[in-house]
């Protein structure tokens, strides 16, 4: 992913997401302003955000 970008999007090429058939993506945010915009979109239900529990154990 772009190391200096304020925000990067990409396909989730990690298991179990590669074989789930859902087309899951990852997002890396490095800017407080962009993080705020994304948080607002999630709050307003314009953006869906879900972290699989198995990715949090670590």
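Just so it is clear, none of the values below were taken in a lab; they were calculated from the coordinates. Predicted model, so just to flag it, every value in this text is computed and none were measured. Quick reminder, even Gly has a Cβ in these numbers, built from the backbone with ideal geometry, and neighbours come from all protein chains shown.
For the stretch 1-53, what does the alpha-carbon gyration tensor say about shape, rounded, prolate or oblate, given a ≥ b ≥ c as the root eigenvalues, a/c under 1.5 as rounded, and a/b over b/c as prolate?
Working: a/c = 2.80, a/b = 1.33, b/c = 2.10.
Oblate, since a/c reaches 1.5 and b/c is not below a/b.
Sorting 47, 17 by the number of Cβ atoms found within 10 Å of their own Cβ, with the fewest placed first, yields 47, 17. With R₀ fixed at 22 Å, the C-beta to C-beta distance from residue 7 to residue 48 puts the FRET efficiency at about 0.85.
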